[in-house]
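Undergrad: My questions will all concern the structure given below.
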Amino acid sequence: MRPIRVFLVDDHPVILAGIRALLAEDPDFDLVGDAPDGEKARDMINSIRPEVAVIDISVPKLNGADLARALTETCPEVKILVLTVHEDRAYVRRLMDAGARGYVLKRSAADDLPRALRAVADGGLYLDPQVAEIALVRDGDAVSAERGTG
């Protein structure tokens with residue numbers, strides 16, 4: 001199997017360095033580029049066409065939600081994974097509505113980012129366990145799923 005091609009979007013050099021180091025340790029990933037702002041990221045992602053774009057919400061020039069929307073329109077084959085500090089339901093819903101396929105909190109990245117990248121690259125969804133419950137709340141009621149008995 002070939003490595004998953006990943007592009008990073010974050011305006012904090014320390015975060016980028018940490019994610020680069022995390023991904024470099026895993027042969028399942030090939031970091032193909034990074035950008036510190038949404039406009040540069042949009043242009044580079046449209047050119048490079050990675051399998052997954054890992055984006056922060058709070059980046060200059062074009063925020064994460066607008067970047068996700070733009071990428072969903074121009075290169076829908078690129079899957080979007082949000083990596084952020086924002087835990088608020090409004091952010092989660094806004095990014096998922098904009099086309100993101102996953103949402104990971106930065107504080108969980110060391111453990112969850114590789115798993116989330118694999119899930120999203122395979123066409124699945126991934127929600128950080130810390131935000132999954134709030135993301136699945138609709139109009140004040142928890143979304144429930146019926147479970148069958150085996």
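The values are calculated or read from the model by the stated rules, or taken from the named source; none is laboratory data. It should be emphasised that the depicted structure is a prediction, and the values quoted were computed from it without experimental measurement. Reconstructed Cβ throughout: ideal geometry from the backbone, glycine too, with neighbour counts over all protein chains shown. Heads up: the accessible areas ignore ligands, DNA and RNA and are worked out on the full protein's heavy atoms, side chains in. Shrake-Rupley method; radii C 1.70, N 1.55, O 1.52, S 1.80 Å.
Undergrad: Looking only at segment 6-22, which residues are open to solvent by 10 Å² or more (accessible area, probe 1.4 Å) and acidic (D, E)?
TA: The answer is D11, and nothing else.
Undergrad: Please count how many residues of segment 11-46 are touching a strand residue (DSSP E or B) at 6+ places or on another chain (Cβ under 9 Å), assigned to a helix (DSSP H, G or I) and small (G, A, S).
TA: Selection size over segment 11-46: 3.
Undergrad: Considering only residues that are open to solvent by less than 40 Å² (accessible area, probe 1.4 Å) and either at pLDDT below 95 or not β-branched (V, I, T) (or both), which ones fall in segment 23-46?
TA: L23, D26, F29, G33, A35, D37, G38, A41 - these are the residues of segment 23-46 that are open to solvent by less than 40 Å² (accessible area, probe 1.4 Å) and either at pLDDT below 95 or not β-branched (V, I, T) (or both).
Undergrad: Go through (1) touching a residue at least 24 places away in the same chain (Cβ under 8 Å); (2) closer than 17 Å to D112 by Cβ and name the single condition M44 misses.
TA: Single failed check for M44: (2).
Undergrad: A further question follows. What number of residues within segment 122-150 satisfy the criterion of being modelled with pLDDT of 85 or more, surrounded by 18 or more Cβ atoms within 10 Å (Cβ to Cβ) and not in a strand (DSSP E or B)?
TA: 1
Undergrad: When segment 1-18 is examined, which residues are found to be over 17 Å from E39 (Cα atoms), among the charged types (D, E, K, R) and touching a Pro at 6+ places or on another chain (Cβ under 7 Å)?
TA: R5 - this is the single residue of segment 1-18 that is over 17 Å from E39 (Cα atoms), among the charged types (D, E, K, R) and touching a Pro at 6+ places or on another chain (Cβ under 7 Å).
Undergrad: I need the full set of residues from segment 63-121 which are assigned to a loop (DSSP other than H, G, I, E, B) and either farther than 17 Å from L23 by Cβ or open to solvent by 60 Å² or more (accessible area, probe 1.4 Å) (or both), in order please.
TA: We begin by selecting, within segment 63-121, every residue assigned to a loop (DSSP other than H, G, I, E, B); these are 63, 75-78, 85-88, 98-99.
Across segment 63-121, the qualifying residues are N63, C75, P76, E77, V85, H86, E87, D88, A98, G99.
Undergrad: Is there a residue in segment 47-61 that is in a helix (DSSP H, G or I) and at pLDDT 95 or above?
TA: So far as segment 47-61 goes, yes, one or more of its residues are in a helix (DSSP H, G or I) and at pLDDT 95 or above.
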